[in-house]
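The values are calculated or read from the model by the stated rules, or taken from the named source; none is laboratory data. A quick note: this is a predicted structure, and the numbers were derived from the prediction, not measured. Reconstructed Cβ throughout: ideal geometry from the backbone, glycine too, with neighbour counts over all protein chains shown. Protein only, heavy atoms only, side chains kept; ligands, DNA and RNA dropped before computing areas. Shrake-Rupley method; radii C 1.70, N 1.55, O 1.52, S 1.80 Å.
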Amino acid sequence: MRTSYGSARSVALAAAVIALNGCVKSEGSSKSDTMVASSTQTASTSKCAADNGGITLPAGFCASVFADSIGHARHIAVASNGDVYVNTWSGKYYQGATHAGGFIVALRDTTGDGKADIIKRFGPDAQQKNEGGTGIGFYKGALYAEEGDTIAKRIVRYHISTDSMTPRVATADIIVNGLPANGDHPMHSLVIDASGGIYMDVGSASNSCQIKNRTLVSPGHKPCIELNTRGGIWRYDANKTNQTFSSEERYATGIRNAVGIALDGSGQLYSTQHGRDQLAESWPKLYTAEQGQNLPAEELLKIDQNGDYGWPTCYFDGQQAKLVLAPEYGGDGGKAVAECASKKAPEEYFPAHWAPDGLMFYTGSLFPAHYKDGAFVAFHGSWNRAPGPQQGYNVVFVPFAGGKPVDPAKFEVFADGFAGAVKQPDRAAHRPTGIAQGPDGAIYIADDQGGRIWKVTYKGTGK
């Protein structure tokens, strides 16, 4: 399980929320629905904070705190006029009071200073037994988002008024219903292609499909029936309403938890994969504590229809740079490969237990040419790297050339310092989760620990 059990809200944080709400405007709906050109589009006019909102960036880049304390901010979608939409989440992964109002947050910067001065919320709230969600995206001007409770989630569609930033009608269209929301990974991130194909993560309900989940030396189910409805990517149609989740729409399998999911500039689908946990804790005769800390690698996957990426039978050993057999399925501590030789290996891999939660490909022209067509990955940060320090809590960049990573084992730390001085999951100040590109080429980074959104722009001269 790779999602934060977020810390309780403090009195100081509550005061910050009140202060924030006091300095933003709330607009009513206009009589017309003409396209409103938000100043959010204009990165060149944004001012840079002296401390970049508390994070570090490469030379020439700067960040502003676009919004703060908006709830557990998960994924981001940016409209063509620059308005920013964030899906927020509550439920068992987070402690403390739920933010009042709907879970979808609309943000607009009308002054060009890099800060949202209009903030609105919509969608069902906690009183309507909603707990929000992760997935969010635009298609044909409509906003698609995940919402629901701890039993079932759904993907809904809101027809947004660009004047008011909010839905034209309060009731959303149900696009996909009955998404499983129990077990270890109940989130459903999504991306929508040009034809309306919704590609959606349905994460595993367990760590490694053991007969007894997360239990000492418990073997794996053979076969892992869970794969019929979990542990993969499903495809639905954004143009159709009232679709029902089933095994028939599975697009790819063997992916434990693809929280980061995105299309590159050519339309190729990619996702991240959260590697499994607790090799040493569950199999102490096969793995040392140090091996448990550093295995398995996190992954960036190139998704092909009907592709099998190995979970739960296999995991990717970053030290050996290959898929190996998991101990639940006869593995011997990393030597045996067996059927893993036929599974699809990652395009890029990262340190263990960093929890990749956000993915985007940079297609803009604001940043230097080095970043063109490369991948940004937002790491939520670890909870189970003991006995070593918890790590991650950053955004990295993977350069691409010819449609592939330049080096499958190398990446660049782009943004860091989110966690603050103490990098522990329940004490980290911020945990990067969502990342998206605006029409001006700026990028937005969401944090589901402190509820902050950063806007990152480039002010340097090197292109």
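Numbers below:
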item: Selected residue (criterion: farthest from K455 (Cα to Cα)) from residues of region 98-118 that are among the acidic types (D, E) and open to solvent by 10 Å² or more (accessible area, probe 1.4 Å); result: D117
item: Failed criterion for G101 (all others in (1) touching a Ser or Thr at 6+ places or on another chain (Cβ under 9 Å); (2) at positive phi hold); result: (1)
item: Qualifying strands (runs of 3 or more DSSP E) (wholly inside region 147-211; at least 1 residues being in contact with a Leu (Cβ under 6 Å, 6 or more places away or on another chain), modelled with pLDDT of 95 or more and among the hydrophobic types (A, V, I, L, M, F, W, C)); result: 190-192, 197-202
item: Among the residues listed as S4, S30, the single one being crowded, with 18+ Cβ neighbours inside 10 Å, modelled with pLDDT under 80, in contact with an Asp or Glu (Cβ under 7 Å, 6 or more places away or on another chain) and small (G, A, S); result: S4
item: Hey, Q95 farther than 20 Å from I443 by Cα, among the polar types (S, T, N, Q), open to solvent by 30 Å² or more (accessible area, probe 1.4 Å) and touching a residue at least 60 places away in the same chain (Cβ under 8 Å) or not; result: yes
item: Failed condition for G133, given (1) modelled with pLDDT under 95; (2) within 23 Å of K455 (Cα to Cα); result: (1)
item: Pair list, Cβ under 6 Å, 6 or more apart: region 257-268 residue among the polar types (S, T, N, Q) and modelled with pLDDT of 95 or more, other residue part of a loop (DSSP other than H, G, I, E, B) and buried (at least 18 other Cβ atoms within 10 Å of the Cβ); result: N257/H185; N257/G203; N257/H274
item: Selection count, region 212-244, where residues are assigned to a loop (DSSP other than H, G, I, E, B), in contact (Cβ under 8 Å) with a residue 60 or more places away in the chain, open to solvent by 60 Å² or more (accessible area, probe 1.4 Å) and over 24 Å from P284 (Cα atoms); result: 3
item: Selection status of V377, over 18 Å from V78 (Cα atoms), surrounded by 17 or more Cβ atoms within 10 Å (Cβ to Cβ) and touching a Leu at 6+ places or on another chain (Cβ under 9 Å); result: no
item: Residue match in region 413-432 (condition: modelled with pLDDT of 95 or more, over 14 Å from G53 (Cβ atoms) and in contact with a Ser or Thr (Cβ under 6 Å, 6 or more places away or on another chain)); result: yes
item: Whichever residue in region 380-404 is over 20 Å from the mean Cα position of the chain (by Cα) and surrounded by 14 or more Cβ atoms within 10 Å (Cβ to Cβ) and, among such residues, is modelled with the highest pLDDT; result: F400
item: Failed condition for V422, given (1) touching a residue at least 12 places away in the same chain (Cβ under 8 Å); (2) open to solvent by 10 Å² or more (accessible area, probe 1.4 Å); (3) of a type in the set (A, V, I, L, M); result: (1)
item: Region 55-89, residues that are of a type in the set (G, A, S) and either touching a His at 6+ places or on another chain (Cβ under 9 Å) or not in a strand (DSSP E or B) (or both); result: A59, G60, S69, G71, A79, S80, G82
item: Selection from region 252-283 of residues that are open to solvent by less than 20 Å² (accessible area, probe 1.4 Å) and among the aliphatic types (A, V, I, L, M); result: A252, I255, A258, V259, I261, A262, L269, L279, A280
item: Q449 being among the polar types (S, T, N, Q) and surrounded by fewer than 22 Cβ atoms within 10 Å (Cβ to Cβ); result: no
item: Odd one out for N81 among (1) open to solvent by less than 10 Å² (accessible area, probe 1.4 Å); (2) in contact (Cβ under 8 Å) with a residue 60 or more places away in the chain; (3) under 18 Å from L179 (Cβ atoms); (4) of a type outside the set (G, A, S); result: (3)
item: Residue selected from region 328-365 under the condition open to solvent by less than 10 Å² (accessible area, probe 1.4 Å) and in a helix (DSSP H, G or I), by the criterion nearest to Y287 (Cα to Cα); result: E328
item: Residues satisfying the stated conditions in region 168-185, i.e. over 17 Å from R235 (Cα atoms) and surrounded by 21 or more Cβ atoms within 10 Å (Cβ to Cβ); result: A172, A181, H185
item: Residue identified as of a type in the set (A, V, I, L, M), touching a strand residue (DSSP E or B) at 6+ places or on another chain (Cβ under 7 Å) and open to solvent by 10 Å² or more (accessible area, probe 1.4 Å) among L300, L295, L286, L325; result: L325
